[in-house]
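One structure is given below, encoded as structure tokens.
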Number of protein chains: 2
Amino acid sequence: MIQTPYLLFLGDAPDPLSAKVAQGIRDWRPEFAVGQLRMEGCKADMGLPDMTLEQAKAAGARTLVVGVANRGGVISPAWKKVLVAALEEGFDLASGLHNLLRDEEDLAAVARATGRTLHDVRVPTVRYPIADGRPRAGKRCLAVGTDCSVGKMYTALAMEREMRERGMKTTFRATGQTGILITGEGVPLDAVIADFMAGSVEWLTPDNDPDHWDLIEGQGSLFHVSYSGVTMALIHGGQPDALILCHEPTREHMRGLPEYSLPSLEALRDLALQLAHVANTGCKVVGVSVNTAAMAEDAADAYLREVESRLGLPAVDPFRHGAGPLVDALEKV
Amino acid sequence: MIQTPYLLFLGDAPDPLSAKVAQGIRDWRPEFAVGQLRMEGCKADMGLPDMTLEQAKAAGARTLVVGVANRGGVISPAWKKVLVAALEEGFDLASGLHNLLRDEEDLAAVARATGRTLHDVRVPTVRYPIADGRPRAGKRCLAVGTDCSVGKMYTALAMEREMRERGMKTTFRATGQTGILITGEGVPLDAVIADFMAGSVEWLTPDNDPDHWDLIEGQGSLFHVSYSGVTMALIHGGQPDALILCHEPTREHMRGLPEYSLPSLEALRDLALQLAHVANTGCKVVGVSVNTAAMAEDAADAYLREVESRLGLPAVDPFRHGAGPLVDALEKV
């Protein structure tokens with residue numbers, strides 16, 4: 001578990017998109033973001049107070065989070081200076097980069113000397129059990145997608161916000177590095193060893209109050225041949241009571257697989273439900289979340305209405321319209 | 001790749017069952033088994049010449065394979081003496097035990113000093129790629145089961161033998177530790193990191209002659225919630241042209257999951273085929289392999305005939321009757 005609150009390190013971000021981890025924290029856990037630290041030439045801005053390490057420390061920040069993706073996977077010498085200074089100032093460091101903080105000799109040495117922790121959230125730190133398939137108390141909702149990167153994390157976080165506003169008991173359960181950095185905890189599922197995938201999801205979503213909802217971050221897609229095993233483990237380890245279908249209507253082929261076309265929402269619904277019933281016969285598909293960012297307002301509305309009538313399920317773009325109808329549907333489960 | 005041929009180490013095996021790795025090598029790669037090394041009290045016998053390390057070396061053996069499962073996972077001091085002597089005699093060591101050879105300080109030190117290799121086949125040694133889903137030349141057959149441990153490996157090995165006898169081009173592709181020890185190579189799929197599972201199966205079954213069959217060892221079951229993600233990766237990474245359904249009719253619940261009942265063969269056929277079509281639209285279910293070990297001859301025959309008429313597919317127990325009808329079916333694909 002990563003100590004909060006955070007100082008968000010934006011480095012020399014070449015553009016706003018490269019700072020999507022920082023943006024995620026800013027959007028979904030603003031209470032964790034004390035301020036931002038930007039280097040010369042930084043092209044990203046979270047609209048947070050710019051702070052020195054000293055100022056952030058005084059304001060209560062405990063961890064410097066690398067909120068930016070670096071170029072070429074290298075942790076640059078310019079970054080290093082800031083990261084070392086942060087350790088010496090008493091911050092832990094947290095990163096989801098492919099290149100690990102712990103593999104940088106200088107960072108590892110300073111962390112040891114100062115007694116600070118380096119959190120590489122891509123690397124599991126827990127010995128997960130093998131799944132035992134026992135039913136657990138409490139309720140679970142999982143977002144499944146027609147493809148990778150269609151808005152599954154965003155959907156779950158938007159539902160969490162809406163449910164908290166309604167006073168419902170709920171927890172977003174992160175299964176990827178961005179989600180883990182946003183919430184400070186979770187399972188880096190794509191880095192878990194095959195035999196323990198489903199068990200790690202059971203571990204992440206333990207027994208809870210009967211009226212509590214875990215909102216499990218989805219990964220991959222049942223129809224994406226590179227990652228479908230990970231999605232399968234989420235469905236069988238998560239034992240969802242409710243599924244949300246996620247889709248991006250303008251995509252021309254599966255992400256990274258030019259020869260594979262996307263399945264229909266109906267095909268996703270039928271397959272996901274059939275698989276979910278192995279672990280939980282009561283599971284239902286309750287709604288559709290569509291990422292309409294690439295569509296004009298009118299076209300998006302028309303598409304959503306068409307999906308609603310075709311599938312008989314509420315269909316929304318939670319970014320444009322909020323997650324209200326999805327939460328309404330969940331309340332009826 | 002493990003150097004062959006082998007000397008099979010049976011240690012102080014408490015019973016024949018505990019030596020199932022050695023038995024697998026003896027049954028399926030007898031040409032790899034120069035002899036056996038048994039300690040006092042050993043209750044297993046492969047019917048091979050008993051040899052000292054010196055005799056086996058003289059007979060050409062290059063690797064001492066731990067062919068027995070130890071009690072409690074510990075590599076006993078009595079074993080150690082033999083294993084160290086084997087390294088000093090010039091043998092590599094190979095093991096599929098949970099406790100790794102490399103984690104034993106004395107074995108690691110002697111291996112370093114003598115320049116020998118310790119093969120812990122549970123641990124991947126390759127950096128597998130992420131699956132790219134591209135079609136590959138050659139044909140592939142995958143065994144899928146209604147449950148774990150229903151005879152998938154046995155089925156593929158029996159088919160390989162039959163196909164070689166008929167002069168067909170074929171390779172058994174091991175995906176578990178026993179299979180890897182039998183053939184000397186493969187992917188320990190249950191120990192691969194989630195993101196690389198399907199890619200490791202693509203790596204294992206590369207482009208080949210158009211009339212060559214890879215017989216991919218199955219793992220887990222789509223209906224076994226602990227391991228279904230591994231099975232999914234085999235189906236999507238393997239891109240099978242043919243599926244064999246494997247079943248054990250007397251099992252009362254899914255292995256290790258008392259609350260889960262087995263699916264019907266029809267449910268397995270429909271689900272596996274649907275998933276296989278995502279990666280290979282031409283995939284067909286071609287036969288059924290039934291483990292009838294717990295049934296009398298008459299009951300087994302009646303069961304197989306009933307399955308054949310119900311599913312319209314050849315159904316055999318390859319242990320009792322050979323894999324001929326399954327290979328006949330494959331020849332028609």
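Structure notes:
- Between the Cα long axis of helix B:77-89 and the first principal axis of chain B there is an angle of about 80°, rounded to the nearest 10.
- Area of residue B:217 that stays accessible when all protein chains are in place (1.4 Å probe, Å², to 10): 10 Å²
- Threshold 30 Å² - residues in region A:181-214 whose accessible area is reduced by that much or more when the chain is no longer isolated, probe 1.4 Å: A:190, A:193, A:194, A:195, A:197
- Ligands, DNA and RNA are left out, and with a 1.4 angstrom probe the accessible area of region B:209-314 is 36 Å² per residue.
- Only helices enter this figure: runs of n ≥ 4 DSSP H residues, each worth -39500 (n - 2.57), summed and divided by the residues of chain B, yield -10500 deg cm²/dmol at 222 nm to the nearest 500.
- Long-range amide H partners of residue A:220 with built H, under 5 Å: A:149
- Lysines whose Cα lies under 18 Å from that of residue A:169, excluding same-chain neighbours fewer than 8 positions away: A:139, A:332
- Hz values of 3J(HN,Hα) by residue in region B:176-193 - Karplus curve (6.51, -1.76, 1.60), Gly and Pro given as x: x, 5, 5, x, 5, 5, 5, 9, x, 7, x, 10, x, 4, 5, 10, 7, 6
- In straight-distance terms, cross-link reach from residue B:81 covers every one of the lysines whose alpha-carbon lies under 21 Å from its own, apart from those fewer than eight places away in the same chain; here that gives B:43, B:57.
- 3J(HN,Hα) along region B:106-117, derived from phi through the Karplus expression 6.51 cos²θ - 1.76 cosθ + 1.60 where θ = phi - 60°, amounts to 5, 5, 4, 5, 5, 4, 4, 5, 9, x, 8, 10 Hz, with x in place of Gly and Pro.
- Residue-level accessible surface for residue B:269, protein heavy atoms, 1.4 Å, Å²: 60 Å²
- For a straight C-alpha distance cut-off of 12 angstrom, the aspartates and glutamates reachable from residue A:20 (same-chain residues fewer than eight places away being disregarded) are A:45.
- FRET efficiency, 1/(1 + (r/R0)^6) with R0 60 Å, evaluated for residue B:310 and residue A:106 via beta carbons: 0.35
- Taking the protein heavy atoms of the protein assembly as shown in the context of the full set of protein chains, the accessible area attributed to carbon and sulfur is 51 percent at 1.4 Å.
- Chains A and B, summed buried accessible surface - 1.4 Å probe, Å², nearest 100: 2800 Å²
- Across every direction, the projection of the convex hull enclosing the Cα atoms of region A:195-304 has a mean area of 8.1 nm².
- Accessible-area value, residue A:110, 1.4 Å probe, nucleic acids and ligands omitted, Å²: 30 Å²
- Chain B: angle of helix B:228-238 to the longest principal axis, Cα-based, in degrees nearest 10: 80 degrees
- Between helix A:265-279 and chain A: long-axis angle, C-alpha atoms, 0 to 90°, nearest 10: 80 degrees
The values are calculated or read from the model by the stated rules, or taken from the named source; none is laboratory data. Not measured: the values here are computed from a predicted model. Ideal geometry is used to build each Cβ from the backbone, glycine not excepted, and the neighbour counts take in all protein chains shown. Please note that ligands, DNA and RNA were not included when accessible areas were found on the heavy atoms of the full protein model with its side chains. Shrake-Rupley method; radii C 1.70, N 1.55, O 1.52, S 1.80 Å.
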